[in-house]
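Encoded as structure tokens, the structure appears first; notes follow it.
The values are calculated or read from the model by the stated rules, or taken from the named source; none is laboratory data. All values reported here derive from a predicted model rather than from experimental measurement. Cβ sites come from the backbone with ideal geometry, for glycine too, and all protein chains shown count toward neighbours.
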Amino acid sequence: MGEWAFQRCIHPDCAATFDIDAVLTACPKCGDLLDVAYDWDRLETPARLSWFEERWARRTRPLDFSGVWRFRELLAFARTKTTEMPLVTVGEGQTLLYHNVRLGREIGLSGGQLHLQYEGFNPSGSFKDNGMAAAFTHARMAGATRAACASTGNTSASMALYAAALGMKAVIFIGSGKIAYGKLAQALDSGGLTLQIRGDFDDAMRLVQEASTRLGLYLMNSVNPFRLEGQKTIMYRVLEALGWEVPDWIVVPGGNLGNSSAFGKAFIELAHLGLIDRLPRIAVINSTGARTLSALVNDGGLSWNAGHVDEEAVSRYYGRLDRDGLRAHTLASAIEINRPVNLKKCLRALEATDGVVREVPDEEIADMKALVARSGPGCEPASAASVAGARLLIDEGLISSSDRVVCVITGNVLKDPDLPVKYNSLPAAELAGQLGLFTDRPPRWQNLPVEVEADLEEIVEVLEGDAP
Ligand code: F0G
């Protein structure tokens, strides 16, 4: 293989390599997942991460402005010997690492630091834009004209945005009724062909893969290895915001497991290049209602095992789900997934970073979502799973109260307006009736609106009663 970037099967016994331009979402030889791989010796990479700071002075150039492409030397798949491929950007990655002292104290980090990495500040309102910038760049290299994805909402919103910006067609597979309103609105507004499938995300994922193969659609889900190249940059920006120091923990919600896989790859590569001297520990947080990773790792002891993952154990688990008619069910609809496509890459990331998996119930997610918004920008439900997970790990004593912890806040508060309105406006009994939650305790951070007459005296009375 003459190029410095190529695609490679993750299975150590196969490790087949393929051209960087090929459109593949699985290894044609053995069916396993693919990585984008680099011959680093043939690439020019900086000697220090602080080298990337030079780009800040050139923010008027779109590629230096992009929070993905200002790190382009670390995802240099788009270069060929003869031409410089035009990289795709819509201004993604202008995100914030927010040091939240109050929330940190609230969850038990007395001497440590809690940082929230707000990926909801991306153009489409979620972390997905990082991956789409890279995957659409590859789609253009491959000459694709029609992009497709299955989605719980954010992938489709992001894909639809990039497709609209590039004049490409977007085809979206969603589970009917399984998508938050803000996200559905984005998909429809952008003009993407939106298929509401009578089924859930796992059905939609299977069908979009089959349809893409049959019709030659360019698949934008995170089985596309280029998506994960873009999502590595979330971790570069975390390091950048910490003055290039490595935190102790990265805590991330787990759905299809693309982020955790990408973060692991990012740190493995940075360590290989000598750009960091230690790896943070990654904690992946499932919702209790979509706990495949937690079940397989914590109950079943599944591990990467040098690439020889016990696939029979995984098949047995999926067989049990099918036999018992068990479907993912959580109010954190973004992570309502029972068959995570990146399972194996996530196991690799967990092994490399001495990572852990935890699960949190929907009540905790809802409470933590409200609490996040009490001390800074809010987030959507799935994102709050990371903070709920961090709190659990602090309670367990695994995260020490003096650690530096980064929780990835994956999506914007406006994505899912339904839950906060219900959470804050329904009496506890009705909340239990409508959501099936809080049946044995009231919500902790409810902020009920106060109804008043259009009468100044009554309003003054209420405000005087509320004075600090
Ligand atoms: N948080 C949010 C807000 C998400 O939208 C998703 C995934 C995740 C977390 C989970 O990330 O898959 O990398 O483990 N949403 C996908 C979608 C599935 O279709 O929008 P992951």
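Exactly one residue out of 279, 275, 296 is of a type in the set (A, V, I, L, M), more than 12 Å from the ligand (Cβ to nearest atom) and either at positive phi or in contact with a Pro (Cβ under 9 Å, 6 or more places away or on another chain) (or both): that is 275.
Just one of the numbered conditions (1) surrounded by 22 or more Cβ atoms within 10 Å (Cβ to Cβ); (2) modelled with pLDDT of 95 or more is not true of residue 222: (2).
Is at least one residue of the stretch 230-237 under 20 Å from residue 52 (Cα atoms), within 16 Å of the ligand (Cβ to nearest atom) and of a type in the set (A, V, I, L, M)? Yes, the stretch 230-237 contains at least one residue that is under 20 Å from residue 52 (Cα atoms), within 16 Å of the ligand (Cβ to nearest atom) and of a type in the set (A, V, I, L, M). Residue by residue through the stretch 378-398, note down the ones that are touching a Ser or Thr at 6+ places or on another chain (Cβ under 8 Å) and not acidic (Asp, Glu). Listed by number, the residues that qualify are 379, 381, 382, 383, 385, 386, 394.
Regarding residue 156, is this residue surrounded by 23 or more Cβ atoms within 10 Å (Cβ to Cβ), within 16 Å of the ligand (Cβ to nearest atom) and assigned to a helix (DSSP H, G or I)?
Spelling it out, residue 156 is indeed surrounded by 23 or more Cβ atoms within 10 Å (Cβ to Cβ), within 16 Å of the ligand (Cβ to nearest atom) and assigned to a helix (DSSP H, G or I).
When the stretch 396-428 is limited to residues that are away from the ligand (no atom under 15 Å from the Cβ), closer than 25 Å to residue 114 by Cα and small (Gly, Ala, Ser), the one that is surrounded by the most Cβ atoms within 10 Å (Cβ to Cβ) turns out to be 400.
Note on the stretch 138-150: among residues that are over 22 Å from residue 69 (Cα atoms) and either in a loop (DSSP other than H, G, I, E, B) or touching a strand residue (DSSP E or B) at 6+ places or on another chain (Cβ under 6 Å) (or both), the one that is farthest from the ligand (Cβ to nearest atom) is 145.
Summed over the stretch 1-44, the residues that are among the polar types (S, T, N, Q) and modelled with pLDDT of 95 or more give a count of 2. Among residues of the stretch 238-272 being part of a loop (DSSP other than H, G, I, E, B) and within 16 Å of the ligand (Cβ to nearest atom), the one that is surrounded by the fewest Cβ atoms within 10 Å (Cβ to Cβ) is 256. Filtered by the rule that a residue be over 14 Å from residue 125 (Cβ atoms) and within 13 Å of the ligand (Cβ to nearest atom), the stretch 170-188 gives 172, 173, 174, 175, 178.
Can you find a residue that is small (Gly, Ala, Ser) and more than 20 Å from the chain's Cα centre (by Cα) anywhere in the stretch 402-421? Looking through the stretch 402-421, at least one residue is small (Gly, Ala, Ser) and more than 20 Å from the chain's Cα centre (by Cα). For the stretch 191-202, check the following and say yes or no: at least one residue is out of contact with any Lys or Arg (no Cβ under 7 Å at 6 or more places or on another chain), of a type in the set (Ser, Thr, Tyr), free of Cβ contacts under 8 Å to residues at least 60 places away in the same chain and not in a helix (DSSP H, G or I). Yes: one or more hits. For residue 59, the conditions (1) surrounded by fewer than 15 Cβ atoms within 10 Å (Cβ to Cβ); (2) in contact (Cβ under 8 Å) with a residue 60 or more places away in the chain all hold with the exception of (2). Annotation: of all residues in the stretch 371-392 being part of a helix (DSSP H, G or I) and polar (S, T, N, Q), the one that is farthest from the ligand (Cβ to nearest atom) is 386. Residue check: is residue 314 crowded, with 17+ Cβ neighbours inside 10 Å, more than 11 Å from the ligand (Cβ to nearest atom), touching a residue at least 24 places away in the same chain (Cβ under 8 Å) and more than 27 Å from residue 391 (Cβ to Cβ)? Taking the combined requirement at face value, the residue satisfies it. For residue 155, are the conditions met, namely being closer than 25 Å to residue 185 by Cβ and touching a Ser or Thr at 6+ places or on another chain (Cβ under 9 Å)? Criteria met by residue 155. Taken over the stretch 99-137, residues that are assigned to a strand (DSSP E or B) and away from the ligand (no atom under 14 Å from the Cβ) amount to 4. Number of residues in the stretch 57-72 that are of a type outside the set (Val, Ile, Thr) and more than 23 Å from residue 128 (Cα to Cα) equals 2.
Being exposed (fewer than 14 other Cβ atoms within 10 Å of the Cβ), in contact (Cβ under 8 Å) with a residue 40 or more places away in the chain and acidic (Asp, Glu) is the filter here, so list the residues in the stretch 1-52 that pass it. Selection gives 13 alone. The set of residues in the stretch 200-238 that are under 18 Å from residue 20 (Cα atoms) and hydrophobic (A, V, I, L, M, F, W, C) comprises 217, 219, 220, 223, 226, 228. Name the single residue that is surrounded by the fewest Cβ atoms within 10 Å (Cβ to Cβ) among those in the stretch 189-219 being among the hydroxyl-bearing types (Ser, Thr, Tyr) and more than 14 Å from the ligand (Cβ to nearest atom). So the residue we want is 213.
Let me confirm something: among 257, 228, 217, which residue is in contact with a Cys (Cβ under 6 Å, 6 or more places away or on another chain), of a type in the set (A, V, I, L, M) and closer than 21 Å to residue 341 by Cα? One residue alone meets the criteria, 257.
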